[in-house]
Each structure stands twice: as structure tokens, then as C-alpha cells.
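What follows is calculated from the coordinates using simple rules that are stated; it is not laboratory data. Model, not experiment: these values are computed from the prediction. FYI the Cβ positions are ideal-geometry reconstructions off the backbone, even for glycines, and counts take in every protein chain you see.
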Amino acid sequence: MKKATLKGLAVALGLSMVMAGCSSAGTPQGNEPSGGDTGSAASGSVGATVDHKIIGIDPGAGLMKATEKVLSEYELKDWELVEGSSAAMTAALTQAYKDKKPIIVTGWTPHWMFSKFEMKYLEDPKGIYGQDEQIHTIVRKGLKEEQPSAYAFLDKFAWTPADMEKVMLDIENGKKPEEAAAEWVKNNEATVNKWVEGVQPVNGQKLTLAYVAWDSEIASTNVVKTVLEQKLNYKVELSQVEAGPMWVGVANGDVDGMVAAWLPTTHADYMEKLGKDVEDLGPNLEGTKLGLAVPTYMDITSIEDLKK
């Protein structure tokens with residue numbers, strides 16, 4: 001969620017006021033932050049150091065639903081899951097990390113925060129967050145017949161978390177998404193050529209791809225757009241929406257596809273309701289993870305520690 005709207009900025013500012021000393025922030029890996037309360041010892045409990053708040057993202061996101069279940073299953077009755085946005089969460093994390101303040105956020109991998117900051121996931125003994133997920137490519141019914149070149153490329157598209165995080169971090173460091181994507185495509189010619197090998201370019205046909213404003217999906221969708229335009233001569237329009245409209249758009253044919261479906265957990269509800277109306281081309285990225293994340297300077301290792 002690199003594109004921070006005024007609403008997102010307002011939420012971020014609100015979080016910094018509500019949380020006082022527990023907003024979060026970032027310094028590059030290898031740079032040691034200084035000062036601040038780094039653990040539970042100074043205040044008697046982990047909860048006291050962060051005002052019993054977990055900094056979340058968009059309400060309704062699968063990660064948020066899983067975290068609500070975590071609060072229930074682990075009996076964290078005094079804890080609050082703060083709704084906001086990805087931009088607000090990372091703004092809070094960035095400030096807290098800079099000040100070496102404790103903070104707990106809803107995290108997922110791939111995400112640039114794990115490349116920029118020294119972070120760790122809290123162990124989840126009850127397995128509420130499930131196993132590692134995959135990000136799938138989903139297209140509308142009929143795309144194979146109507147746009148065989150786009151279908152063939154999207155079916156081949158697959159990359160690694162390290163690839164995605166490189167594009168994400170470049171965007172976070174100030175590059176426009178299209179610039180970061182174009183640079184990655186240029187620097188990874190061998191990989192890109194495998195994606196389009198044997199695929200015939202077209203004559204400027206139009207495609208629409210939907211995505212959610214998560215850093216990961218901004219990165220992947222812009223890379224796919226760049227390849228479709230540079231290598232296959234498509235004209236690609238991107239549609240940024242929430243997860244629900246993204247799935248509905250593909251299901252009813254308003255958009256041609258997406259490379260942003262987190263399965264089997266995050267988007268499980270959408271897949272159950274709309275799976276029969278779309279075509280799943282399988283994973284384009286493996287090795288994702290969901291959970292509660294904290295800076296490594298915090299002296300806790302498990303969600304169970306939040307009960308102390």
C-alpha cells in the first residue's frame with residue numbers, strides 16, 4: 001500500500017497520537033537504533049509497553065480476520081486490534097523502529113519491512129495463521145479463447161519473494177511503481193524471456209488487471225503490466241480496488257485478471273463464493289507468511305508472551 005491517501009495519512013497521524021510511545025518506524029538493516037524501551041522488563045508486561053494494541057491494516061482483510069481469531073483463541077481479552085491501512089501500519093512501524101520503541105503489527109511476507117528492518121514473527125503455537133500461503137493468478141472465464149497471448153503469459157508468470165521485495169523496496173525508497181517494475185524487468189531479462197517464450201505479440205489489444213493497494217500487489221501487478229506492454233504489445237489498464245471488488249470484477253468479466261489472490265487462507269471466502277466463476281492459473285509466488293511481527297529488539301518470541 002505504497003499509495004498513501006489523505007485518509008491513510010490521517011489514520012497514521014491518529015495512530016501516533018493514540019499510541020504515544022508505541023508507534024513504529026524504520027532504519028535500514030544493519031543500522032542500530034538507539035534509546036527507547038525495548039521490552040517488557042521496564043514496564044512489567046509486553047501489553048503495558050504497547051498499550052495493549054496490535055497495529056493492523058484494512059478492516060475486513062483476511063489477515064485482520066485471522067488476528068481477531070488470535071485474540072479470541074489466545075484469550076487476549078485486554079488487547080485491541082487497531083484498524084487502519086497498510087500505509088498507516090508501516091508509518092507507525094517506521095517511527096517506532098526509528099525510536100527503538102516496542103510495537104506489534106500484523107505482518108506478511110513478502111513485504112519490504114522485512115528487508116528494510118530487522119523483524120521477526122511471533123510463534124503461533126495454536127496455528128491460527130495457518131501454513132505458508134501462495135499468491136495465485138486468477139483470470140476471467142473466456143480469456144484463453146479471446147486473448148490467448150495474455151493467457152499464455154499469465155499462466156507462465158512466477159517469481160520469488162526476493163524478486164518481489166526488490167521491487168517493493170525500490171518503490172518504498174521513492175521510485176514510482178512503473179519505474180521500479182521497468183528496472184526489474186530490464187535487470188532480469190532471462191527470467192522475463194522464459195515467461196514470454198513462444199507467446200505471440202499482439203496489435204495493441206486492451207487488457208484490464210485488478211489489484212489491491214498492498215505493497216506486494218503493487219509490485220507484482222506493475223511488473224506484469226510492464227511485460228505485457230513491452231514484450232507483447234498490449235495496452236494495459238490497472239484498476240486499484242479492495243479485495244472484494246477485485247474478485248467480483250474478475251468473476252463478472254469486468255476485468256481480465258489479477259495476480260493478487262492470497263490462498264488458501266487470506267482470500268478463502270472469495271474463492272469459496274466466486275471460484276466457480278473464475279479460472280485459477282495456480283501460484284505465481286510461493287513462500288508467503290502471515291502473523292504478528294515485531295522488531296527483533298523486542299524480547300518476546302511467541303503470541304503466548306502477550307498474556308504475561
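Amide H to amide H distances under 5 Å link Glu123 with Ser302, Ile303, where only residues 5 or more positions off or on other chains count and H is placed in the peptide plane.
Overall dimensions of segment 141-231, expressed as equivalent-ellipsoid semi-axes from the Cα gyration tensor (√(5λ), whole Å, largest first), are 23, 14, 11.
Could you pull out the pairs from Lys101/Lys289; Lys175/Lys225; Lys100/Lys289; Lys65/Lys206 whose alpha carbons sit more than 28 Å apart here?
Details: Lys101/Lys289 24 Å; Lys175/Lys225 16 Å; Lys100/Lys289 24 Å; Lys65/Lys206 36 Å.
Flagged as over cut-off: Lys65/Lys206.
Seen from all sides and averaged, what is the projected area of the convex hull of the Cα atoms in segment 165-308, in nm²? Write down the numbers at each step before the final one.
Working: hull surface 45.1 nm².
Directional mean of the projected Cα hull area for segment 165-308 stands at 11.3 nm².
Once the Cβ-Cβ distance of Glu145 and Tyr297 is raised to the sixth power relative to R0 = 45 Å, the FRET efficiency obtained is 0.25.
Among DSSP beta bridges whose residues both lie in the chain, state the antiparallel percentage, nearest 5. Display every interim value, and only then the final one.
Working: 19 of 31 bridges.
The answer is about 60 percent antiparallel.
In order along segment 232-237, the phi-based Karplus estimate (6.51 cos²θ - 1.76 cosθ + 1.60, θ = phi - 60°) of 3J(HN,Hα) comes to 10, 6, 7, 10, 10, 10 Hz; Gly and Pro are listed as x. Relative to the longest principal axis of the chain, what angle (0 to 90°, nearest 10) does the C-alpha long axis of helix 86-99 take? It is inclined by approximately 40 degrees.
Can you tell me the length gained on complete extension of the stretch Asn193 to Asp51, counting 0.36 nm per residue apart and subtracting the Cα distance?
On the way: separation 142, 0.36 × 142 = 51.12 nm, distance 5.08 nm.
Working it through step by step, the gained length comes to 46.0 nm.
Taking a Cβ cut-off of under 12 Å around Gly56, the surrounding Lys, Arg, Asp and Glu residues balance to a net charge of -2, with basic ones at +1 and acidic ones at -1. Diffusion coefficient of the chain by Stokes-Einstein, Kirkwood radius over Cα pairs, 10 °C, 1.306 mPa s: 79 µm²/s.
Computed from point charges on the beta carbon alone (+1 for Lys and Arg, -1 for Asp and Glu), the dipole magnitude for the chain about its Cα centre is near 460 Debye. Take every pair of alpha-carbon atoms less than 8 Å apart whose residues are at least six positions apart; their mean separation over the length of the chain yields a relative contact order of 29 percent.
Note on Glu68/Glu286: beta-carbon distance plugged into 1/(1 + (r/R0)^6) with R0 of 22 Å gives a FRET efficiency of 0.25.
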